[in-house]
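Novice: There's a structure below that I have some questions on.
The values are calculated or read from the model by the stated rules, or taken from the named source; none is laboratory data. Not measured: the values here are computed from a predicted model. Neighbour counts are summed over all protein chains in view; Cβ atoms, including those assigned to glycine, are modelled from backbone coordinates with ideal geometry.
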Amino acid sequence: MHPLVKKLLELQSVDQEIASLTKDIDSLPAEEARRRRRLDELQRSATDSRNRFLKAELDARALDNAVRGSDDEIKRLNERLGQVRNNAEYQATLFQIEAVRKDRDVMQEECLKLLESVESLRPEVAAAEAAVAAEQKVLEEFLREAEALRGSRAGAIAEVRGRRKAMSEGIPEDLLHDYDGLFKTRDGIGVCPVENGYCQGCYNKITMNDTARLLGKSTVVKCGSCQRILYMGK
Ligand SMILES: [Zn+2]
């Protein structure tokens, strides 16, 4: 094997080690954002429930006041009934009492309906707020675990990165750059073997000319199809 390719192969195994150490850590920010969005959604829904509850309660109270006002008016009209002097006025007052009572009964009916909806909204609000509290707890737990994971990996990652830096010394910069690009874009395999005449990265056949160059071990050979850096396997 070409000595530089041998170095790159060793570097690749270190890079794979780094990738496996950072894989779950790299996914943490997206996971955190997803959880925060979920919490926001639940908070919006809880606020919505609470507002509907408060509005129903307020409307019910306003209707209740209006019903009391009507009761007062009916009382006042009944008092007047005892003081009227002629039949026409008596009839008119009776008619007025009847009209006020009719409105009052409609308002009371509406008020009762609203009070029923207040009672049915109460558990909905409680459930929505409990869901927010539970999700908040889950998020806090997640953040604690994420922090602990980052902390526990920090040492190992720093150690492997230090090792990588030492190992990459002596590799020409442009070759290292090519390799880094391949590692990123070719699923963590920038250097791969040729087996039975086929590149094991993309499974395309390599040319006779490339086979000869690989056997000669004097140049770095790349796959004509996937550009991965090659070495002779079997
Ligand atoms: Zn290939």
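Novice: Of ILE189, ILE206, which residue is within 13 Å of the ligand (Cβ to nearest atom), closer than 13 Å to LEU8 by Cβ and of a type in the set (A, V, I, L, M)?
Specialist: ILE189
Novice: List pairs: first residue in region 110-126 and without any contact (Cβ under 8 Å) to a residue 12 or more places away in the chain, second residue part of a helix (DSSP H, G or I) and surrounded by 14 or more Cβ atoms within 10 Å (Cβ to Cβ) anywhere in the structure, Cβ distance under 7 angstrom, at least six positions apart or on different chains.
Specialist: If the second residue must be part of a helix (DSSP H, G or I) and surrounded by 14 or more Cβ atoms within 10 Å (Cβ to Cβ), no pairs are left.
Novice: Same structure again: Listed residues SER13, SER27; which is modelled with pLDDT of 95 or more and not basic (Lys, Arg)?
Specialist: SER13
Novice: Among the residues of region 206-226, which ones are buried (at least 16 other Cβ atoms within 10 Å of the Cβ) and within 49 Å of the chain's Cα centre (by Cα)?
Specialist: ILE206, VAL220, VAL221, LYS222, CYS223, CYS226
Novice: Here's another thing I want to ask about it. So which residues in region 182-234 are assigned to a helix (DSSP H, G or I) and of a type in the set (A, V, I, L, M, F, W, C)?
Specialist: Hits for region 182-234 are LEU182, PHE183, MET208, ALA212, LEU214, LEU215.
Novice: Quick check, is LEU230 in contact with a Phe, Trp or Tyr (Cβ under 9 Å, 6 or more places away or on another chain) and within 16 Å of the ligand (Cβ to nearest atom)?
Specialist: Here the answer is no, as LEU230 does not meet what is asked.
Novice: Specify which of the listed residues (LEU182, LEU176) is modelled with pLDDT of 95 or more, within 13 Å of the ligand (Cβ to nearest atom) and more than 15 Å from MET1 (Cβ to Cβ).
Specialist: Residue meeting the stated conditions: LEU182.
Novice: Of these, GLU129, GLU195, which one is within 16 Å of the ligand (Cβ to nearest atom) and either modelled with pLDDT of 95 or more or surrounded by 12 or more Cβ atoms within 10 Å (Cβ to Cβ) (or both)?
Specialist: Result: GLU195 is the single residue among GLU129, GLU195 that is within 16 Å of the ligand (Cβ to nearest atom) and either modelled with pLDDT of 95 or more or surrounded by 12 or more Cβ atoms within 10 Å (Cβ to Cβ) (or both).
Novice: Go through the residues of region 45-62 one by one and say whether even a single one is of a type in the set (Asp, Glu), under 30 Å from ILE157 (Cβ atoms) and in a helix (DSSP H, G or I).
Specialist: no
Novice: Only one residue in GLN83, GLN96 is among the polar types (S, T, N, Q) and either touching a residue at least 60 places away in the same chain (Cβ under 8 Å) or outside any helix (DSSP H, G or I) (or both), so which one is that?
Specialist: After applying the criteria, what remains is GLN83.
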